[in-house]
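Working notes, structure below.
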Amino acid sequence: MTDAIRSGLPPHIAAKICGHAALDTTMGYAAIYPEDVVSHHRAFIARRRTERPSEEYRELTATEWNEFLAHFELRKVALGTCGRDYATPCQHENACVRCPLLLVDPAQMPRLQEIHANLVDRLQEARDQGWLGEVAAIETTMAAAAQKLEVMRERAAQASTVHLGMPDFRRNAGRSSAEPETPLTAAGPL
């Protein structure tokens, strides 16, 4: 069936020939090989290139390349890296803690915790002074910082490994399958 479908037999016809009630069953036989993926992707790219203006496919100038590299240098910020698209401005006026595109560097977690603690102090001062606009802005920033800290904690918990110790094969090493096993108790062999 795989060869028939790969040779161009439409899957719905193959399903009828095989007596499959569901097309999904037939498609289970349509194996996808790595070379198929590569060839289909190359064909897709070739089709796309024919539809695009040819002036887009030219060598970069040194100025364009330097501008491209500079954009990524500007994405490096104190807490990590900005994930915004190439050649797009910062929509959050460099309020990176609030920005969902900030990719926080795990090494900067203490710095983010310090920023969050500072925001708590600033919030109290803003409330004491009656700066309601500042209160709203600080609360928004605090919520974003808390969310980023929570994500970092979850990732750290997932990344941590549990040491299970080394397996001990000495007791079983060298035994043949014909030897009877000695029953074990908590104190050792009986």
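The values are calculated or read from the model by the stated rules, or taken from the named source; none is laboratory data. Since this is a predicted model, take the numbers as computed values, not measurements. Every residue, glycine among them, receives a Cβ derived from its backbone with ideal geometry; neighbour counts consider all protein chains shown. To get the accessible areas, we keep the full protein, side chains included, count just its heavy atoms, and leave off ligands, DNA and RNA. Shrake-Rupley method; radii C 1.70, N 1.55, O 1.52, S 1.80 Å.
Can you give me the number of residues within the stretch 93-114 that are in a helix (DSSP H, G or I) and under 12 Å from Thr141 (Cα atoms)?
1
Across the stretch 50-59, what is the number of residues that are in a loop (DSSP other than H, G, I, E, B) and open to solvent by 70 Å² or more (accessible area, probe 1.4 Å)?
4
May I ask you to list the residues in the stretch 32-49 that are open to solvent by 100 Å² or more (accessible area, probe 1.4 Å), of a type outside the set (A, V, I, L, M) and either at pLDDT below 85 or in contact with a Phe, Trp or Tyr (Cβ under 7 Å, 6 or more places away or on another chain) (or both)?
Glu35, His40, Arg49
Which pairs do you get when a residue that is polar (S, T, N, Q), found in the stretch 59-83, comes within reach of a residue that is open to solvent by 50 Å² or more (accessible area, probe 1.4 Å), reach meaning Cβ atoms under 8 angstrom, with the pair 6+ apart or on two chains?
Qualifying pairs under 8 Å: Thr81/Leu103; Thr81/Asp105.
Among residues belonging to the stretch 60-91 that are touching a Leu at 6+ places or on another chain (Cβ under 8 Å) and assigned to a loop (DSSP other than H, G, I, E, B), point out the one that is surrounded by the most Cβ atoms within 10 Å (Cβ to Cβ).
Filtering first and then ranking leaves Leu79.
Does the stretch 1-31 hold any residues that are loosely packed, with under 11 Cβ neighbours inside 10 Å and hydrophobic (A, V, I, L, M, F, W, C), and which are they?
If the condition is that a residue be loosely packed, with under 11 Cβ neighbours inside 10 Å and hydrophobic (A, V, I, L, M, F, W, C), then Ala21, Ala22 are the ones that fit.
Among the candidates Asp121, Asp105, Asp24, single out the residue that is within 30 Å of Arg6 (Cβ to Cβ) and charged (D, E, K, R).
From the options Asp121, Asp105, Asp24, the qualifying one is Asp24.
Could you go through the stretch 118-127 and let me know if any residue there is under 26 Å from the mean Cα position of the chain (by Cα), touching a residue at least 12 places away in the same chain (Cβ under 8 Å), under 30 Å from Ala143 (Cβ atoms) and not in a loop (DSSP other than H, G, I, E, B).
No, because not a single residue in the stretch 118-127 is under 26 Å from the mean Cα position of the chain (by Cα), touching a residue at least 12 places away in the same chain (Cβ under 8 Å), under 30 Å from Ala143 (Cβ atoms) and not in a loop (DSSP other than H, G, I, E, B).
So which residues in the stretch 128-146 are loosely packed, with under 13 Cβ neighbours inside 10 Å and either touching a Pro at 6+ places or on another chain (Cβ under 7 Å) or outside any helix (DSSP H, G or I) (or both)?
If the condition is that a residue be loosely packed, with under 13 Cβ neighbours inside 10 Å and either touching a Pro at 6+ places or on another chain (Cβ under 7 Å) or outside any helix (DSSP H, G or I) (or both), then Gly130 is the only one that fits.
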